[in-house]
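Undergrad: Below is the structure I would like to discuss, written out as structure tokens.
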Amino acid sequence: MGNRIYEKLITCTNAVKSRISFKPEVALILGSGLGDYAKEMDVVEVLEYSEIEGFPVSTVTGHQGRFLFGYVQGVPIVAMQGRVHYYEGYEMSDVVLPTRLMGLAWGQKRLSLQMQPEALIIISARDDLMMITDHITTAVPSPLIGQNLEELGPRFPDMSEVYKKELREIIKKAARNMQVSIQQGVYMQFTGPNYETPAEIRMCRAMGGDAAGMSTACEAMAANHMGMDVCGISCITNMASGMSAQPLDHKEVQETADRAAADFKKLVTETIRLIGERKNG
């Protein structure tokens, strides 16, 4: 199992490296609400996921499928415009394959996970942006289960600081600079595609979770395993099950993410600028 997963990863990585000459320093995963972030970039190269044999392609509305290579505030970045989820039926190794590919292909040390959880648990107002300080993944299988890929990282990796403190401080500074309000909290990943039940939300709160969703934590875990520095920002799009009389609806999630997109983009751009400034300082 481990060899098959690694061989597929290497095949995809080599295919990308053979087509792309650009050398990014920061990797960005764009979730719903940030799909048009390309407008903020000086794009120099584009690679469709469908052009990479064996590469997982998203089936979710609002998730385009391509890598964008270019500059944001002079910082060379690669941006994933769309991602796949465990609930789409992919193996967990395929869900985290793009993250691992970015680490292998360009030796990424900075991975910025931008996404939106599908439920609000403790934070009191929708449209909030939340910096992820930690996560809980007991509801989804770890991407590290099975034979360890020694080429990527150790058998028993430390997870005490998945979302690096240095990058969290940069996000907070970016929020101050842009006068964007941002919360902080713990993200809990569920499998989806169904929204969580009121009882599951109560469980999440009891375990210390602040927001729930269907992505991101598994990718952060895989990146941390490889020694990448990870940060995450999420857009809180709706009240959790049991906290509102309104039934949960994906259209509402997308509409809320779209409304918050302007502040989200400002925060992401300034965060990238500050990362570049710190790296070159």
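Undergrad: With the requirement that a residue be of a type in the set (Gly, Ala, Ser) and open to solvent by less than 10 Å² (accessible area, probe 1.4 Å), what does region 1-32 give you?
TA: Gly2, Ala27, Gly31, Ser32 - these are the residues of region 1-32 that are of a type in the set (Gly, Ala, Ser) and open to solvent by less than 10 Å² (accessible area, probe 1.4 Å).
Undergrad: Inside region 260-281, can you point out the residues that are surrounded by fewer than 23 Cβ atoms within 10 Å (Cβ to Cβ) and either modelled with pLDDT under 65 or of a type in the set (S, T, N, Q) (or both)?
TA: Hits for region 260-281 are Thr269, Asn280, Gly281.
Undergrad: Quick one: in region 176-232, which of the residues that are in contact with a helix residue (DSSP H, G or I) (Cβ under 9 Å, 6 or more places away or on another chain), assigned to a strand (DSSP E or B) and open to solvent by less than 10 Å² (accessible area, probe 1.4 Å) is nearest to Leu111 (Cα to Cα)?
TA: Looking at the filtered set, the residue picked out is Val230.
Undergrad: Also: Can you find a residue in region 240-249 that is aliphatic (A, V, I, L, M), modelled with pLDDT of 70 or more, farther than 24 Å from His135 by Cβ and open to solvent by 40 Å² or more (accessible area, probe 1.4 Å)?
TA: The answer is no; no qualifying residue exists.
Undergrad: Right, next: Residue under question is Ala222, and the condition is that it be modelled with pLDDT of 95 or more and at negative phi; does it hold?
TA: Values: modelled with pLDDT of 95 or more: yes; at negative phi: yes.
The answer is yes for Ala222.
Undergrad: Could you tell me which residue of region 145-172 is most open to solvent (accessible area, probe 1.4 Å), considering only residues that are in contact with a helix residue (DSSP H, G or I) (Cβ under 6 Å, 6 or more places away or on another chain) and either under 22 Å from Gly89 (Cα atoms) or not in a loop (DSSP other than H, G, I, E, B) (or both)?
TA: Gln147
Undergrad: Right, another one. For region 78-108, name all the residues that are crowded, with 20+ Cβ neighbours inside 10 Å, over 21 Å from His225 (Cα atoms) and of a type outside the set (S, T, N, Q).
TA: Once the filter is applied, which keeps residues that are crowded, with 20+ Cβ neighbours inside 10 Å, over 21 Å from His225 (Cα atoms) and of a type outside the set (S, T, N, Q), region 78-108 yields only Gly82.
The values are calculated or read from the model by the stated rules, or taken from the named source; none is laboratory data. This one's a predicted model, so the numbers in the text were calculated from it and none came from an experiment. With ideal geometry, Cβ positions are generated from the backbone for all residues, glycine too; neighbour counts draw on all protein chains shown. Only protein heavy atoms, including side chains, enter the accessible area calculation; ligands, DNA and RNA are left aside. Shrake-Rupley method; radii C 1.70, N 1.55, O 1.52, S 1.80 Å.
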